[in-house]
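Okay, structure first, notes after.
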Amino acid sequence: AYAHGSVAVRTHIDSGDHRTASSWAAFAAAREEWRGRITLQGAALTVLDDVESEDYRALADLVAGHQGILGAVTYPLPDLDARLDTFLRLASERGLDVDFHADETLDPASNTLERIALAVMRNRFEGRVLCGHCCSLATMAEADATRTIARVAEAGLSVVSLPLCNLYLQDRHAGRTPRLRGITLVHELAAAGVPVAFASDNTRDPFYAYGDLDMAEVMREATRIAHLDHPVAAWPAAFSTRPAEIMGLEAGRIAPGAKADLVVFPGARGWTELHARPHPDRLVIRDGRPITARPAPYARLDPLMEPS
């Protein structure tokens with residue numbers, strides 16, 4: 001990610017079992033090791049089954065102690081509203097932002113995104129709220145999707161689309177050609193004033209077998225998948241300044257006095273040339289100076305991918 005030009009990464013950390021403390025300790029060590037090169041944000045990835053328990057309260061304390069983000073996977077449970085109320089209260093009491101893994105399915109009946117928006121308004125939650133995936137929004141009836149988007153905008157939620165991962169996962173059936181792309185309604189969300197960002201999500205794991213933590217690749221492919229062109233309009237911000245704003249960071253801007261963190265693509269004279277090639281010749285500038293880092297060879301990365 002650093003070699004490709006990223007300045008910040010938010011990662012989900014599986015939390016809620018006997019490995020939680022050691023996982024967050026490892027994250028804290030990595031964050032310190034990369035300080036000054038990449039800003040690392042950790043978001044706890046949990047389920048809400050035991051959100052009322054003392055163990056979950058202790059988890060929230062652990063996340064707060066690591067200056068993390070409280071996160072959860074949401075499913076259309078009958079008592080989801082009550083669970084969301086408790087979850088948001090725990091986050092609010094600790095001054096934590098929240099991050100939801102929402103509706104990563106093509107089932108139009110799954111609309112936890114709307115229930116998150118209603119919960120945020122009902123609880124007057126003041127922290128940042130990010131919802132990822134939101135795939136089912138694209139399969140709902142038009143009226144349901146329009147109503148949901150309006151509530152997302154009213155609640156002040158942000159949405160991040162993971163187009164490569166969801167293209168890989170959704171509508172996958174052996175021996176059958178996929179019909180659906182799995183991407184959420186990014187154009188409609190943006191038109192409603194919802195901050196929309198794109199990201200890479202998983203990298204070379206069971207959820208997405210490919211990827212290289214390269215935001216330029218994400219932008220190139222998202223442009224094709226979601227038709228972020230003709231016109232290009234403001235979509236480049238969804239890969240630069242907008243993710244930074246959602247993360248609460250000052251980054252991605254080119255302006256007098258701004259930090260000189262830039263990625264230069266010398267082989268591209270315009271938008272179509274930028275997206276036509278992967279550009280391994282890019283020049284990554286950090287603090288006004290070019291870096292020499294290059295993506296690590298797979299032989300070096302392999303030990304990091306082995307299961308423990």
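The values are calculated or read from the model by the stated rules, or taken from the named source; none is laboratory data. Small disclaimer: the values here were computed from a predicted structure and weren't measured. A quick note on method: Cβ atoms are made from the backbone with ideal geometry, for glycine too, and the neighbour counts reach across all protein chains shown. Protein only, heavy atoms only, side chains kept; ligands, DNA and RNA dropped before computing areas. Shrake-Rupley method; radii C 1.70, N 1.55, O 1.52, S 1.80 Å.
General observations
- One residue stands out in the range 256-279 among those that are among the charged types (D, E, K, R) and not in a helix (DSSP H, G or I): the one that is surrounded by the most Cβ atoms within 10 Å (Cβ to Cβ), namely Asp261.
- A search for C-beta distances below 7 Å between a residue of the range 215-226 that is more than 18 Å from Ala1 (Cα to Cα) and at pLDDT 95 or above and any residue that is of a type in the set (Asp, Glu) and open to solvent by 20 Å² or more (accessible area, probe 1.4 Å), counting only pairs 6+ apart in sequence or on different chains, returns Thr223/Asp229.
- Taken as a whole, the structure places Trp34 among residues that are among the aromatic types (Phe, Trp, Tyr), farther than 24 Å from Leu88 by Cα and either open to solvent by 60 Å² or more (accessible area, probe 1.4 Å) or in contact (Cβ under 8 Å) with a residue 12 or more places away in the chain (or both).
- If you filter the range 195-206 down to residues that are in contact with a helix residue (DSSP H, G or I) (Cβ under 7 Å, 6 or more places away or on another chain) and open to solvent by 20 Å² or more (accessible area, probe 1.4 Å), you find that the one that is farthest from Asp99 (Cα to Cα) is Arg204.
- Here Met219 clears all of (1) in a helix (DSSP H, G or I); (2) open to solvent by 40 Å² or more (accessible area, probe 1.4 Å); (3) in contact with a Phe, Trp or Tyr (Cβ under 7 Å, 6 or more places away or on another chain) except the condition numbered (2).
- Filter pass, Gly127 being open to solvent by 60 Å² or more (accessible area, probe 1.4 Å) and within 22 Å of Arg10 (Cα to Cα): no
- Looking only at residues in the range 133-150 that are without any contact (Cβ under 8 Å) to a residue 40 or more places away in the chain and not in a loop (DSSP other than H, G, I, E, B), the one that is most open to solvent (accessible area, probe 1.4 Å) is Glu142.
- Boolean, Ser6 is of a type in the set (S, T, N, Q), more than 28 Å from Gly252 (Cβ to Cβ) and either in a helix (DSSP H, G or I) or touching a residue at least 24 places away in the same chain (Cβ under 8 Å) (or both): no
- Exactly one residue out of Ala209, Ala234 is of a type in the set (Gly, Ala, Ser), in contact with a helix residue (DSSP H, G or I) (Cβ under 9 Å, 6 or more places away or on another chain) and open to solvent by 50 Å² or more (accessible area, probe 1.4 Å): that is Ala234.
- Listed by first and then second residue, the pairs linking a residue in the range 55-74 that is without any contact (Cβ under 8 Å) to a residue 24 or more places away in the chain to a residue that is open to solvent by 20 Å² or more (accessible area, probe 1.4 Å) and acidic (Asp, Glu), with Cβ atoms under 6 Å apart and 6 or more places separating them unless they lie on different chains, form an empty list.
- Candidates Asp61, Asp50 - the one that is out of contact with any Cys (no Cβ under 7 Å at 6 or more places or on another chain) and either assigned to a helix (DSSP H, G or I) or on the phi > 0 side of the Ramachandran plot (or both): Asp61
- Counting only residues that are open to solvent by 50 Å² or more (accessible area, probe 1.4 Å) and within 20 Å of the chain's Cα centre (by Cα), the range 12-31 holds 2 of them.
- Residue match in the range 94-117 (condition: over 28 Å from Tyr208 (Cα atoms), open to solvent by 10 Å² or more (accessible area, probe 1.4 Å), assigned to a helix (DSSP H, G or I) and at pLDDT 95 or above): no
- Exclusive hit being basic (Lys, Arg), surrounded by 11 or more Cβ atoms within 10 Å (Cβ to Cβ), under 20 Å from Arg10 (Cα atoms) and modelled with pLDDT of 95 or more, set Arg286, Arg253: Arg286
- Here the range 37-51 is the region considered, the condition is being out of contact with any helix residue (DSSP H, G or I) (no Cβ under 6 Å at 6 or more places or on another chain) and without any contact (Cβ under 8 Å) to a residue 60 or more places away in the chain, and the residue that is most open to solvent (accessible area, probe 1.4 Å) is Asp49.
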